[in-house]
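Here's the structure we're looking at; comments come further down.
The values are calculated or read from the model by the stated rules, or taken from the named source; none is laboratory data. Here the structure is a predicted model, which is why all the values come from computation and not from measurement. All Cβ positions, even for glycine, are placed from backbone atoms using ideal geometry, and neighbour counts span all protein chains on display.
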């Protein structure tokens, strides 16, 4: 038992220190400098059945305080009013245009194919991909360009501040951001050249044209479910300069709007975050239980309560610190922390189940998972 307690406190201390480091030093979109140059930025938005969110996204993009913009929206065979809403905005703003998506070829995921088509349409020096369910502060593009210029980057990405309204969103969505902010010192995504120390978020992904073309762009990761992480790792492997930042206060998103969407959305992606490797995946879920849930269970054992209390205190302080810094819901993050972890582990198990099944339904399409895993194995062979 002594060995387990030592391991528990050693790991908790490490996680706390990483969280503290990110809390104090994390690069933030909003803290980027004003750029000296203003190269043309192509804002690229894939959209499929986004009639409830696309208008807010376009309003925020059209309101950017940046002089050299083109805004291209690709309608990926929507069955709702997405295209009509984009058309109305395009009629009012000549910088904005609508592109109709081509049929999905074999071997591509829907989003990667949409982003690839958008890249072919873009004329900018910087290609900035964002999602139709995001919205943005007026300075977001300018500060992103400022970061690229200041650090001479090929790829800049940021994790948006997630808007969570339903109980399922509040319970699960912040946990995936917690993994980034508590396990990865963000400045290492710039200073380290190890591909394993990389991360990216497709909701705010800015490539220089040179970096995009050298990396092969979305065509190089055409079958990947977690394409943003795959792109950032590939960029590192090729020696490109990257950094991952926090979008708190600058880029906002609401990825999912119902418990069903939370379940399917994360079940689609979770196993892919570990490159579809079962052993590290289940070790990581065991790690989550050991660090974040076990201390609370030990409180139920009178003889161990005195040893568990400091671990629970570190958990509470860690979640409070991250929630306040990066804009996560306080009650769910702090009070329901162990329940959030258990819910996330459950979604993780579902992700492995869907992998064994071979596919998962998402936005009217069957997303193949087995083929992606086989490609990942080939890449790591």
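The table that follows gives values for the structure above.
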quantity: Filtered residue count, region 322-333, keeping only those that are over 16 Å from residue 169 (Cβ atoms) and surrounded by fewer than 20 Cβ atoms within 10 Å (Cβ to Cβ); calculated: 2
quantity: In region 163-176, residue modelled with the lowest pLDDT [restricted to those that are in a helix (DSSP H, G or I) and surrounded by fewer than 21 Cβ atoms within 10 Å (Cβ to Cβ)]; calculated: 176
quantity: Test set (1) within 18 Å of residue 195 (Cα to Cα); (2) in contact (Cβ under 8 Å) with a residue 12 or more places away in the chain; (3) assigned by TED's automatic domain parsing to the domain that holds residue 145; (4) assigned to a helix (DSSP H, G or I) - residue 240 fails condition number; calculated: (4)
quantity: Single condition residue 4 does not satisfy, out of (1) outside any helix (DSSP H, G or I); (2) without any contact (Cβ under 8 Å) to a residue 40 or more places away in the chain; calculated: (1)
quantity: Test for residue 217: is it modelled with pLDDT of 90 or more, more than 16 Å from the chain's Cα centre (by Cα), in the same structural domain as residue 160 (by TED's automatic domain parsing) and on the phi > 0 side of the Ramachandran plot; calculated: yes
quantity: Residue check, residue 279 in a helix (DSSP H, G or I) and touching a helix residue (DSSP H, G or I) at 6+ places or on another chain (Cβ under 7 Å); calculated: no
quantity: Residue within region 45-52 that is modelled with pLDDT under 95, out of contact with any helix residue (DSSP H, G or I) (no Cβ under 8 Å at 6 or more places or on another chain) and more than 19 Å from residue 113 (Cβ to Cβ) present; calculated: yes
quantity: Subset tally (residues that are surrounded by fewer than 18 Cβ atoms within 10 Å (Cβ to Cβ), within 29 Å of the chain's Cα centre (by Cα) and either in contact (Cβ under 8 Å) with a residue 60 or more places away in the chain or not assigned by TED's automatic domain parsing to the domain that holds residue 18 (or both)) for region 303-313; calculated: 0
quantity: Residue satisfying condition, being farther than 30 Å from residue 179 by Cβ, touching a residue at least 24 places away in the same chain (Cβ under 8 Å) and in contact with a strand residue (DSSP E or B) (Cβ under 6 Å, 6 or more places away or on another chain), within set 80, 75; calculated: 75
quantity: Residues of region 199-218 classified as in contact (Cβ under 8 Å) with a residue 60 or more places away in the chain, closer than 23 Å to residue 266 by Cα and not in a strand (DSSP E or B), total; calculated: 3
quantity: Filter result for residue 251 (surrounded by 17 or more Cβ atoms within 10 Å (Cβ to Cβ), modelled with pLDDT of 95 or more and assigned to a strand (DSSP E or B)); calculated: yes
quantity: Qualifying residue in region 316-328 (condition: in contact (Cβ under 8 Å) with a residue 40 or more places away in the chain, under 17 Å from residue 164 (Cα atoms) and in contact with a strand residue (DSSP E or B) (Cβ under 6 Å, 6 or more places away or on another chain)); calculated: yes
quantity: Odd one out for residue 224, checked against (1) out of contact with any strand residue (DSSP E or B) (no Cβ under 7 Å at 6 or more places or on another chain); (2) closer than 20 Å to residue 268 by Cα; (3) outside any loop (DSSP other than H, G, I, E, B); calculated: (3)
quantity: Any chance residue 365 is out of contact with any strand residue (DSSP E or B) (no Cβ under 6 Å at 6 or more places or on another chain), within 23 Å of residue 253 (Cβ to Cβ) and at pLDDT below 85; calculated: yes
quantity: Boolean, residue 149 is outside any loop (DSSP other than H, G, I, E, B) and either at negative phi or surrounded by fewer than 22 Cβ atoms within 10 Å (Cβ to Cβ) (or both); calculated: yes
quantity: Unmet requirement for residue 232, which otherwise passes all of (1) within 22 Å of residue 205 (Cβ to Cβ); (2) modelled with pLDDT of 90 or more; (3) in the same structural domain as residue 368 (by TED's automatic domain parsing); calculated: (3)
quantity: Residue, surrounded by the fewest Cβ atoms within 10 Å (Cβ to Cβ), within region 282-301, restricted to residues that are more than 22 Å from residue 355 (Cα to Cα) and in contact with a helix residue (DSSP H, G or I) (Cβ under 6 Å, 6 or more places away or on another chain); calculated: 299
